[in-house]
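Enquirer: Provided herewith is a single structure, encoded as structure tokens, for subsequent inquiry.
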Amino acid sequence: MGIVTLLYYVAVAILIGLFGLALGRLVRRLVDRVLFRLGFNDWFRSFNIGKALLRSGYTPSEFFGSVAAWLIYLLFILLAVAYLASNFGNVEVYQW
């Protein structure tokens, strides 16, 4: 495997990660806005965990938007690592 091929695979893995970053940010904003428009923040404040979230500096919609974004970030990091592993001949990862 040449250096050009290696750089190509690493560049594609970085692009996968950047796409995941952009998608995560988009989903964070979308979840935040949708939950805010539905009145989720006011409803969730009536529970103890909602009050605790407010004390921590988050609104409930921001918190769940952040959770969704971090799940997407983690998914795309794992996809990029799996892409690199499969292209470098480490197919044992996929065998049970």
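Enquirer: Which one of the conditions (1) more than 20 Å from the chain's Cα centre (by Cα); (2) within 13 Å of Asn87 (Cα to Cα); (3) surrounded by 16 or more Cβ atoms within 10 Å (Cβ to Cβ) does Ala13 fail to meet, given that it meets all the rest?
Expert: That leaves (1) as the condition not met.
Enquirer: Taking the stretch 42-69 only, how many residues are within 22 Å of the chain's Cα centre (by Cα) and either polar (S, T, N, Q) or under 27 Å from Phe19 (Cβ atoms) (or both)?
Expert: 12
Enquirer: Then there's this: Tell me yes or no: at least one residue of the stretch 20-40 is among the small types (Gly, Ala, Ser) and surrounded by 15 or more Cβ atoms within 10 Å (Cβ to Cβ).
Expert: Scanning the stretch 20-40, I find at least one residue that is among the small types (Gly, Ala, Ser) and surrounded by 15 or more Cβ atoms within 10 Å (Cβ to Cβ), so the answer is yes.
Enquirer: Regarding Ser46, is this residue without any contact (Cβ under 8 Å) to a residue 40 or more places away in the chain and not in a loop (DSSP other than H, G, I, E, B)?
Expert: It is false that Ser46 is without any contact (Cβ under 8 Å) to a residue 40 or more places away in the chain and not in a loop (DSSP other than H, G, I, E, B).
Enquirer: Moving on. Going by the conditions given, is Ser46 exposed (fewer than 12 other Cβ atoms within 10 Å of the Cβ) and over 30 Å from Val10 (Cα atoms)?
Expert: Spelling it out, Ser46 is indeed exposed (fewer than 12 other Cβ atoms within 10 Å of the Cβ) and over 30 Å from Val10 (Cα atoms).
Enquirer: Then there is this: Are any residues in the stretch 62-90 touching a Gly at 6+ places or on another chain (Cβ under 9 Å) and either surrounded by 14 or more Cβ atoms within 10 Å (Cβ to Cβ) or not in a helix (DSSP H, G or I) (or both), and if so, which ones?
Expert: Ala68, Ala69, Ile72, Tyr73, Phe76, Ile77, Leu79, Ala80
Enquirer: A further question on this structure: Taking the stretch 28-43, which residues are in a helix (DSSP H, G or I) and not β-branched (Val, Ile, Thr)?
Expert: Listed by number, the residues that qualify are Arg28, Arg29, Leu30, Asp32, Arg33, Leu35, Phe36, Arg37, Phe40, Asn41, Asp42, Trp43.
Enquirer: Does the stretch 13-27 contain at least one residue that is touching a helix residue (DSSP H, G or I) at 6+ places or on another chain (Cβ under 7 Å), part of a helix (DSSP H, G or I) and modelled with pLDDT under 90?
Expert: No, every residue in the stretch 13-27 fails to be touching a helix residue (DSSP H, G or I) at 6+ places or on another chain (Cβ under 7 Å), part of a helix (DSSP H, G or I) and modelled with pLDDT under 90.
The values are calculated or read from the model by the stated rules, or taken from the named source; none is laboratory data. All figures in this text were calculated on a predicted structure; none of them were measured in a lab. Using ideal geometry, Cβ is built from the backbone for each residue, glycine included, and neighbour counts are taken over all protein chains shown.
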